[in-house]
1. When residue A:120 is evaluated against the numbered criteria (1) among the aliphatic types (A, V, I, L, M); (2) within 14 Å of chain B (Cβ to nearest Cβ); (3) buried (at least 18 other Cβ atoms within 10 Å of the Cβ), which criterion, by number, is the only one it fails?
2. Being of a type outside the set (Ser, Thr, Tyr), at pLDDT 95 or above and either buried (at least 22 other Cβ atoms within 10 Å of the Cβ) or over 20 Å from residue B:226 (Cβ atoms) (or both): is that true of residue B:533 here?
3. Do the conditions hold for residue B:182, that is, is it surrounded by fewer than 24 Cβ atoms within 10 Å (Cβ to Cβ) and within 28 Å of residue B:318 (Cβ to Cβ)?
4. Only one of (1) in a helix (DSSP H, G or I); (2) surrounded by fewer than 15 Cβ atoms within 10 Å (Cβ to Cβ) is not met by residue A:113, so which one is it?
5. Within region B:308-339, which residues are assigned to a strand (DSSP E or B) and more than 22 Å from the chain's Cα centre (by Cα)?
6. What about residue B:500, is it surrounded by 19 or more Cβ atoms within 10 Å (Cβ to Cβ), assigned by TED's automatic domain parsing to the domain that holds residue B:188 and on the phi < 0 side of the Ramachandran plot?
7. Checking residue A:138 against (1) within 21 Å of residue A:265 (Cα to Cα); (2) modelled with pLDDT under 90, which single condition isn't satisfied?
8. Looking at region A:134-175, which of the residues that are within 14 Å of another protein chain (Cβ to nearest Cβ) and not in a loop (DSSP other than H, G, I, E, B) is farthest from the chain's Cα centre (by Cα)?
Amino acid sequence: MKIGYFPGCSLGGTAKEFDISLRAVMKALGVELVEIDDWSCCGASSAHASSHLLAVSLPARNLLLAGQQGLTEIVAPCAACYSRLVIAQHEVANDAGLKAKVERAIESPLPAGEIRILNVVQLFERIGPEKLQAAKRVDLAGLSIAAYYGCLLVRPHEITGFDDVEQPVIMDAILAATGARLVDWNFKTECCGGAHSISHKPIVTKLSKKILDDARQSGANVVAVACPMCHSNLDMRQVELRKEGGHQDLPVLYLTELLGLALGLGRKELGLDLHFVRLPEQAQTAPQENRA
Amino acid sequence: MKIGVYICYCGENIGRTVDCAAVAKACAELPGVVDSVDYKYMCSDPGQNIIKNAIREKGLQGVVVASCSPHMHEKTFRRACSDSGLNPFLCEIANLREHCSWVHEDVPAATRKAIDLVRMAVEKVKRNGELEPIRVPVTKRALVVGGGIAGIQAALDVANAGFEVVLVEKEPSIGGHMSQLSETFPTLDCSQCILTPRMVEVYQHPRIKLLSYSEVEKVEGFIGNFKVTIRRKARSVIEERCTGCGLCVQKCPTKKAPSEFEQGLAKRPAIYVPFPQAVPNKPVIDRNVCTHFRTGKCGICKKVCGRDAIDFEQQDQFVTEDIGAIIVATGYQLYSISKKPDDSAIKGYGEYGYGKYPDVIDGLQFERIASASGPSSGEIRRPSDQKEPKKVVFIQCVGSRDEAKGFTYCSKICCMYTAKHAMLYKHKVHDGEAYVFYMDIRAGGKMYEEFVRRAIEEDGVKYIRGRVSRIYPSGGKYIVKGEDTLAGEPIEIDADMVVLATAMIAQPNAQKLAQVLGVPYDGYGFYQEVHPKLRPVEVSTAGIFLAGACQSPKDIPEAVAMASAAASKALVLFGSDQLEREPTVAKVNEATCIGCFYCQKVCAYNAIEVKEIRDRKGNLVKTVASVNPGLCQGCGTCNATCPSKSIELLGYTDEQIFAEITALG
């Protein structure tokens with residue numbers, strides 16, 4: 001199995017461990033990741049706040065490259081990259097006038113066939129839970145996971161086609177393969193504050209606290225995410241929360257890191273040492289205190 | 001031929017865009033035209049007199065009126081012709097308004113088109129034949145489908161006028177949703193108190209035949225002459241023997257089935273009467289739950305019944321009734337947001353957690369909680385722990401007015417019943433707080449706005465304009481997160497219970513029944529009336545009338561008014577012994593018909609029958625198609641389909657149509 005890979009900027013920076021763990025897990029599962037040669041920025045929040053044409057043209061250029069390099073499926077682990085890519089693809093497909101403008105901007109006609117764009121959750125769905133089950137080496141019986149989807153993965157529903165915008169379960173289904181318990185909680189798709197992390201830090205700290213508190217109250221000892229922004233907010237803001245006092249650390253791991261642990265990969269191999277809040281050693285296999 | 005042409009200005013409607021005088025002048029030159037007149041209002045009395053006098057004085061053999069759409073005034077002008085002794089079907093309409101003046105701006109071009117339209121009509125009318133109305137007998141007996149308040153009202157009105165009624169109800173008891181309600185807006189009178197006497201009246205009425213736990217299976221025939229097959233579902237209880245003593249219900253050991261009447265808030269036995277005031281007060285066995293039907297054991301009900309009324313072997317039975325008019329009053333359902341059917345566009349409201357959180361309930365469940373006959377005897381208790389909720393949030397427009405997740409339409413009654421719910425809650429829990437999230441308040445109706453004001457001003461219900469984005473449980477409470485759009489602030493309320501005013505939707509089997517009855521329905525599954533303003537209770541299939549929420553969301557006063565209107569339409573039908581129908585129906589040329597019956601396959605009204613032609617000795621010569629003029633709607637589909645050109649539509653024969661087309665050239 002060969003899948004095109006669009007890492008985006010986060011996976012080389014704040015979300016380095018997402019990149020490390022994704023590559024490690026794919027290697028363990030025998031999936032070849034082919035990084036799109038000469039990929040550029042997806043535009044993320046700044047492009048679509050300033051120019052619609054730019055916001056569509058930047059992802060379109062990357063899709064064009066993927067097509068030229070013979071890739072029919074690509075994975076975009078960052079939720080913002082994923083969102084920009086699928087939305088651009090959707091808009092171009094449904095607006096011939098826009099398509100013409102974009103083609104002028106990127107100085108090339110867009111390929112006719114659609115490239116299938118996957119986020120990490122959809123990638124594991126594509127690989128299949130049977131394959132994960134078969135490759136499993138370690139049972140993560142010690143973990144109670146709150147699967148956190150955030151806002152960008154699931155929306156807009158018409159385009160992403162996620163199972164349910166408000167109560168999604170497909171990440172839970174994938175994580176169930178690790179042998180961990182998945183908790184039913186309230187804030188699966190609640191806003192983490194996103195890019196306000198830079199401009200309005202207190203708001204993000206407050207929103208992140210609410211999400212973490214609800215996860216803990218629902219019985220989780222770890223939160224699973226599939227978005228670099230969600231991860232940095234939920235993980236990094238705990239530093240401030242510690243200062244406020246009364247806070248109890250709750251490790252936040254990428255979906256790929258949790259699956260990597262189940263596949264028997266080492267903590268370093270998965271970048272687990274790069275988090276602010278570390279998953280305690282042996283936490284994953286320790287028997288749970290109360291499995292109510 | 002002597003043809004008269006009459007051009008109407010329709011005030012300014014036609015006259016503004018079409019030079020009517022010029023049209024009249026040009027048309028006077030057409031071959032066969034002996035009279036060509038323009039007039040301000042042709043439909044007025046003096047206008048009609050111009051036509052009438054011309055027919056008498058000039059001996060006209062055909063009339064063309066160039067005016068508005070034939071839907072509007074064809075009848076008027078045909079009557080005028082017939083008053084002067086001209087067969088009404090020798091009058092044709094050229095539509096200069098909807099087809100010309102209203103859709104064009106350029107006066108010379110519109111005038112040229114108007115002349116073309118008149119020329120076509122003149123060529124057609126030259127080939128019109130005299131037609132006589134079709135007369136069919138009427139069976140003076142009505143079928144009412146659905147035994148809610150609309151069906152009950154319609155049945156009583158028809159029966160009290162002296163005609164027989166067959167009332168079919170699919171549930172074990174009549175009463176419908178109204179029997180579940182606690183009190184009704186805007187007077188707060190008890191729903192059961194005003195409904196149950198009507199239910200008893202239906203049951204005791206000598207002219208009403210009540211078939212409960214039954215469904216319409218098949219409808220054949222046509223207006224005045226329907227043959228309706230009704231499935232009487234196996235009740236497992238012989239109605240004639242049962243006295244309704246209730247011993248079987250008491251003794252039934254299976255008591256765990258969720259009660260439909262209590263909206264799942266209470267349990268009922270396997271053999272049950274939906275509610276104590278049910279009509280008929282005869283139990284029914286739920287075969288999916290009953291131990292006897294599941295394992296072959298038990299049979300306690302049969303043992304205790306002193307009348308030997310339990311019949312485990314009972315099968316569905318079919319009865320056929322001769323019916324003249326059908327009133328459809330099948331009502332509505334509440335949109336259950338917890339279950340989204342796979343085949344629908346409903347996206348659901350996962351963020352409200354209905355069906356997941358026990359204390360997030362819908363409007364009908366609140367009715368049961370507030371009802372004196374409900375699971376908590378009218379005391380307000382929340383389902384999860386039976387505690388009295390001190391803070392209740394009501395959310396309006398859940399599924400209504402929401403294109404993204406529900407339906408585009410307004411369910412119309414929720415503003416009123418939410419005000420009522422909040423009011424009833426405040427009347428019963430004096431120290432409680434009631435919040436209502438609304439988009440805007442639609443309280444049009446007699447004493448309706450006053451009612452809502454009373455909830456706000458006298459009972460202190462707090463109205464918040466805005467939508468709720470999420471409900472989640474926290475420490476025994478439900479956090480309702482929303483926006484107060486007047487204050488421009490997010491708001492969070494820690495409620496003990498949340499009531500969702502979910503949309504009123506069409507019955508799940510509405511489309512299937514519509515196909516059985518031959519009733520058109522809209523994209524939502526609501527039944528479609530012929531004209532939204534002027535013919536609101538009729539459907540395009542003659543002899544079938546609509547009442548209540550099966551047509552669109554309605555409150556009780558509207559449903560009752562509509563039921564009486566539908567009943568009066570049925571009574572109009574029963575007022576004469578014979579029915580006159582338009583003679584513009586299809587006719588088969590038996591000499592050329594090859595008996596392929598393609599026409600039968602395409603006919604939407606089942607109007608094509610098989611006719612055998614025999615010689616004098618009785619030997620079969622051939623089978624041909626034959627049109628039942630009582631059923632034929634004159635759509636012309638058979639005419640277009642017939643490969644041997646053996647079907648003509650009277651009044652629209654091929655010769656007439658070709659003459660019109662040729663006139664254009």
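1. Looking at each condition in turn, residue A:120 falls short on (2).
2. Details: of a type outside the set (Ser, Thr, Tyr): yes; at pLDDT 95 or above: no; either buried (at least 22 other Cβ atoms within 10 Å of the Cβ) or over 20 Å from residue B:226 (Cβ atoms) (or both): yes.
Against the criterion (of a type outside the set (Ser, Thr, Tyr), at pLDDT 95 or above and either buried (at least 22 other Cβ atoms within 10 Å of the Cβ) or over 20 Å from residue B:226 (Cβ atoms) (or both)), residue B:533 does not qualify.
3. Numbers: surrounded by fewer than 24 Cβ atoms within 10 Å (Cβ to Cβ): yes; within 28 Å of residue B:318 (Cβ to Cβ): no.
No.
4. All conditions are met except number (1).
5. Just the residues of region B:308-339 that are assigned to a strand (DSSP E or B), to begin with: B:310, B:317-323, B:325-328, B:332-334.
The answer is B:310, B:317, B:318, B:319, B:320.
6. Working: surrounded by 19 or more Cβ atoms within 10 Å (Cβ to Cβ): yes; assigned by TED's automatic domain parsing to the domain that holds residue B:188: no; on the phi < 0 side of the Ramachandran plot: yes.
Against the criterion (surrounded by 19 or more Cβ atoms within 10 Å (Cβ to Cβ), assigned by TED's automatic domain parsing to the domain that holds residue B:188 and on the phi < 0 side of the Ramachandran plot), residue B:500 does not qualify.
7. Just one mismatch for residue A:138, condition (2).
8. So, considering only residues that are within 14 Å of another protein chain (Cβ to nearest Cβ) and not in a loop (DSSP other than H, G, I, E, B), the one farthest from the chain's Cα centre (by Cα) is A:158.
The values are calculated or read from the model by the stated rules, or taken from the named source; none is laboratory data. Please read all numbers here as calculations on a predicted model, not as lab measurements. When we count neighbours, we look across all protein chains shown, and the Cβ atoms used for this are built from the backbone with ideal geometry, even at glycine.
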